[in-house]
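Asks: This is the structure I have questions about; it appears just below.
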Amino acid sequence: MSTHWPTFDELLALADNAPDKLEELRRREITRIIDSAPEHLRKRLHGLQFQINCQIELHSTPLGACVAISRMMHDSLAKLNDALNGSYQHAPAAPHSDNVVPFHCAGSMA
């Protein structure tokens, strides 16, 4: 499926003259790309796009949003690097209850 992507100059003109149309294009293309991803990745991609959209809404300037999204990517890359190097620390496990019931193997009941 071939999609016509606007040129840089066309995107610049949209940003200057019709930012709402540029935003519509951005959202439409993101949705198209996520929907074309393998099904097992779509939920994660929609969640990630939600986080990105939240950062865009939270910041009053495009630069602020860009810095925040860049920070998200840097944090994710650092976690990946730690995982690949074997130093990633998972969240601590939930505390165990004191009411532990032992299980015995069949035939070894004492």
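Nothing in this text is a laboratory measurement; each read-out follows from the coordinates by a stated rule. Values in this document were obtained by computation on a predicted structure and should not be read as measured data. Please note: Cβ atoms are built from the backbone with ideal geometry, for glycine as well, and neighbour counts cover all protein chains shown.
Asks: Quick check on packing: order 35-42, 22-29 by the mean number of other C-beta atoms within 10 Å, highest mean leading.
Replies: 22-29, 35-42
Asks: Right, another one. Name the residue from HIS74, GLN55, LEU41 whose Cα lies farthest towards the positive end of the charge dipole of region 8-84, charges +1 on Cβ of Lys and Arg and -1 on Cβ of Asp and Glu.
Replies: Positive-most Cα among the choices belongs to LEU41.
Asks: Would you tally the net charge around ALA15, using a Cβ to Cβ cut-off of less than 13 Å, leaving ALA15 out, and scoring K and R as +1, D and E as -1?
Replies: Surrounding charge for ALA15 is -4.
Asks: Could you work out Rg/(2.2 N^0.38 Å) for region 8-84, with Rg from alpha carbons only?
Replies: 1.29
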